[in-house]
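Structure first, commentary second.
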Amino acid sequence: MAEKDTTYNGWENYPTWAVNLWLANDEGLYHEAQWRTENRRQEARLDDRVIDGTWTIEEATRYGLADDFKEWVTDELAPDLGASFAADLLGYALGEVDWDEIATAWLSE
């Protein structure tokens, strides 16, 4: 049996596409995402894993930005819905987001 295609509009899946769509199309979120991207580019040079040769600057930038975006979206942008049906669905959807794909897109912009 063939594996189901879960891609959406060229992205890994619908949740990844939707998060990036909002970050790119809301003026305030867009400017914040740009700031986070530039900030991560500068901070990557000081990452211990770059200094010890474990990662390249590009890897530190991408991985760090993916983590930054995940934390920002899940901790600051997503509403606290308490223990609820909606919270479970939102948590599931955010867990499906490919944060690395979003970081890669912002870094290539």
Fill in: Estimated dipole of the chain in Debye, rounded to 20 [Cβ of Lys and Arg +1, of Asp and Glu -1, Cα centre]
120
Discussion item. For a quick check, take a GNM of the chain with Cα springs below 10 Å and name the residue from Ala44, Ala60, Ala83 with the largest mean-square fluctuation.
Written reply: Ala83
Worksheet item: What residue among Arg49, Arg40, Arg62 shows peak mean-square fluctuation when the chain is described by a Gaussian network model with Cα springs under 10 Å?
Response: Arg49
Worksheet item: Which one, [x] 15.4, 48; [y] 13.7, 49; [z] 13.4, 39, gives Rg and Dmax of the Cα atoms in Å as derived from the coordinates shown?
Response: [x]
Practice prompt. Taking amide H positions as placed in the peptide plane 1.01 Å from N, state which residues far from Tyr8 in sequence (5 or more) or on other chains have amide H under 5 Å from it.
Written response: Asn13
Fill in: Label-to-label distance, nm, for residues given as Arg41 and Glu76 (7 Å Cα→Cβ offset)
1.9
Practice prompt. Could you check the simple spin-label distance between Met1 and Trp22, using points 7 Å along Cα→Cβ, in nm with one decimal?
Written response: 3.2
Discussion item. At 7 Å along Cα-to-Cβ for each site, give me the label-to-label distance between Asn9 and Ser108 in nm.
Written reply: 1.6
Discussion item. If the elastic network links every pair of Cα atoms under 10 Å, which of Glu76, Glu59, Glu96 fluctuates the most in the Gaussian network model of the chain?
Written reply: Glu76
Discussion item. If you average the C-alpha positions of the range 1-35 and of the range 51-93 separately, how far apart do those two centres end up, in angstrom?
Written reply: 13
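Quick note: the coordinates plus some simple rules give every number you see, no bench work behind them. Predicted model only: the values in this text are computed from it and were never measured. Every residue, glycine among them, receives a Cβ derived from its backbone with ideal geometry; neighbour counts consider all protein chains shown.
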